[in-house]
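The values are calculated or read from the model by the stated rules, or taken from the named source; none is laboratory data. What you are looking at is a predicted structure, and each value in this text was computed from that prediction instead of being measured. No Cβ is skipped: glycine too gets one built from the backbone with ideal geometry, and neighbour counts run over all protein chains shown.
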Amino acid sequence: MNGIASVEAVNAARHAHPGHQSMTSTLRQLRAMSFRGLARMYSPADHLFVFCVRRNPSGTIAEGLSPRYTAITLIGLAGEHESQVAKVLGSDSPGMVLNSLTASLAERDNLGDVALTAWAASLMKASAVESLVTRLARLRPADQVHPVVEVSWALSALSEVTLPEAERLRGPVAERLMSTFNPESELFPHMTGKPSGARSHVACFADLIYPIQALSKYAVASGDTRALDMASRAARRLCSLQGSAGQWWWHYDHRNGQVVEGYPVYAIHQDAMGPMGLFALLDAGGADCRKEIRRGLEWLVCSPELNGGSLIDQNSDLIWRKVARHEPRKAVRYLQGAASRIHAGLRVPGVDTVFPSGAIDFEDRPYHLGWLLHAWPESRVATWQTAARPVVNA
């Protein structure tokens, strides 16, 4: 399992965290780590962010380039003071990065990449947003088959833009997204259109949280109470399935609203995507899920799968990607997906014993840190006074 090591190896390599600190202190720590981490992930030569940084026996190295992750990082940096942005980009400007990003999209027609870039351009008040919205419209998010995540990004972007073309398009895109909602399970699927394939009943956490965020933003932009109600229902269902220690589980059955397989548990879900989507809902006047946001953060600070350890690695100054099972690559996910396909209530027994959790993926990606900053601007952190569990040796 490339990049995976046991909790014992992690605990031996890390320094102890401070004994007890408030959640506000933890969030400020995570924000500071995000700026430093993004600076390590930025490639000045390309004016783009890398795909990931990964730990190997010779140290932590950067790999690849990612226009998509660059767009998300620009969204996260859009609300920050220029002095904080300079910590990441150095002498480069966000506009310079946006120009490289839009140039990199010239030969690609991916709805998600175009939508995220339009979203970033809108928040940056860049002139490129008009052409990006036109290009987004040509990809037909309202009537072509696309991943639900990408349709959600398109709706979030369109809800941020005040151009007439965006206003005309956002209603049909919202209807397309809402048409995928299953009122029985109160969940969204992985794809729009008619489901097909052996795993078509399986939705992941991203397939649920991004629609919650998008419909909440759309409700603010349009006043559509139906969208807000749907987002609230999905959020309440998702919160009802949260793990006993605050885990946001990974795979869900779109048909009956139950967890198919919990692992891996991703750090980004706990400190960034979960809070980001649920705060968008709260800000729109929907369900209040702050208790579940707090529990998700507490898991990141003190994880039972890591014997009280954490994916927050002060020694490496990074937040590692996930806690997984000790298993052959994705074995349990495929087993449980196949079993639940045969019967919605069927699960392969004994997987917790045969394939226990506790393996750490020593990787971090810029979109994690970008979404973290978007979820937790300093103004929000300053009002978050809920006490956390102690941060212990990780």
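Any residue at all in the range 145-156 that's charged (D, E, K, R) and either surrounded by 24 or more Cβ atoms within 10 Å (Cβ to Cβ) or more than 19 Å from the chain's Cα centre (by Cα) (or both)? No, the range 145-156 has no match at all.
Among the residues of the range 238-269, those identified as buried (at least 24 other Cβ atoms within 10 Å of the Cβ), closer than 16 Å to Tyr210 by Cβ and out of contact with any His (no Cβ under 6 Å at 6 or more places or on another chain) are Leu238, Tyr252, Tyr266, His269. Hey, any hits in the range 321-338 for a residue that's closer than 28 Å to Asn256 by Cα, modelled with pLDDT of 95 or more and in a helix (DSSP H, G or I)? Scanning the range 321-338 turns up no residue that is closer than 28 Å to Asn256 by Cα, modelled with pLDDT of 95 or more and in a helix (DSSP H, G or I). Among the listed residues Gly95, Gly112, which satisfies the condition of being modelled with pLDDT of 95 or more, under 21 Å from the mean Cα position of the chain (by Cα) and of a type outside the set (Phe, Trp, Tyr)? That would be Gly112, the only listed residue that is modelled with pLDDT of 95 or more, under 21 Å from the mean Cα position of the chain (by Cα) and of a type outside the set (Phe, Trp, Tyr).
Yes/no per residue for (1) modelled with pLDDT under 95; (2) among the charged types (D, E, K, R):
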site: Thr162; (1), (2): yes, no
site: Arg170; (1), (2): no, yes
site: Arg176; (1), (2): no, yes
site: Ser179; (1), (2): no, no
site: Phe188; (1), (2): no, no
site: Lys194; (1), (2): yes, yes
site: Phe205; (1), (2): no, no
site: Ala219; (1), (2): no, no
site: Ser222; (1), (2): no, no
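Here Thr60 fulfils each of the conditions (1) under 28 Å from Glu378 (Cα atoms); (2) in contact with a Ser or Thr (Cβ under 9 Å, 6 or more places away or on another chain) apart from (1). Of all residues in the range 277-319, those satisfying the criterion of being assigned to a loop (DSSP other than H, G, I, E, B) and within 23 Å of Ser379 (Cβ to Cβ) are Ala284, Gly285, Gly286, Ala287, Asp288, Cys289.
Right, Gly274: touching a Phe, Trp or Tyr at 6+ places or on another chain (Cβ under 6 Å), in a helix (DSSP H, G or I) and closer than 26 Å to Pro356 by Cβ or not? Taking the combined requirement at face value, the residue satisfies it. Output the residue which, of all residues in the range 62-77 that are within 10 Å of Pro366 (Cβ to Cβ) and β-branched (Val, Ile, Thr), is surrounded by the fewest Cβ atoms within 10 Å (Cβ to Cβ). Among those that are within 10 Å of Pro366 (Cβ to Cβ) and β-branched (Val, Ile, Thr), it is Ile72.
Just so you know, in the range 164-183 the residues that are touching a helix residue (DSSP H, G or I) at 6+ places or on another chain (Cβ under 6 Å) and within 19 Å of Ser122 (Cβ to Cβ) include one that is surrounded by the fewest Cβ atoms within 10 Å (Cβ to Cβ), and it is Glu165.
The strands (runs of 3 or more DSSP E) falling completely within the range 150-265 that include 3 or more residues that are in contact (Cβ under 8 Å) with a residue 40 or more places away in the chain map to 202-204, 251-253. Residues that are within 22 Å of Ala128 (Cβ to Cβ), touching a Lys or Arg at 6+ places or on another chain (Cβ under 8 Å) and buried (at least 19 other Cβ atoms within 10 Å of the Cβ) are absent from the range 45-61 altogether.
Could you check, for the range 68-76, whether at least one of its residues is without any contact (Cβ under 8 Å) to a residue 40 or more places away in the chain, at negative phi and under 22 Å from the mean Cα position of the chain (by Cα)? Taking every residue of the range 68-76 in turn, none turns out to be without any contact (Cβ under 8 Å) to a residue 40 or more places away in the chain, at negative phi and under 22 Å from the mean Cα position of the chain (by Cα).
Against the criterion of being within 23 Å of the chain's Cα centre (by Cα), surrounded by 21 or more Cβ atoms within 10 Å (Cβ to Cβ), within 30 Å of Gly345 (Cα to Cα) and not aromatic (Phe, Trp, Tyr), Ser122 does not qualify.
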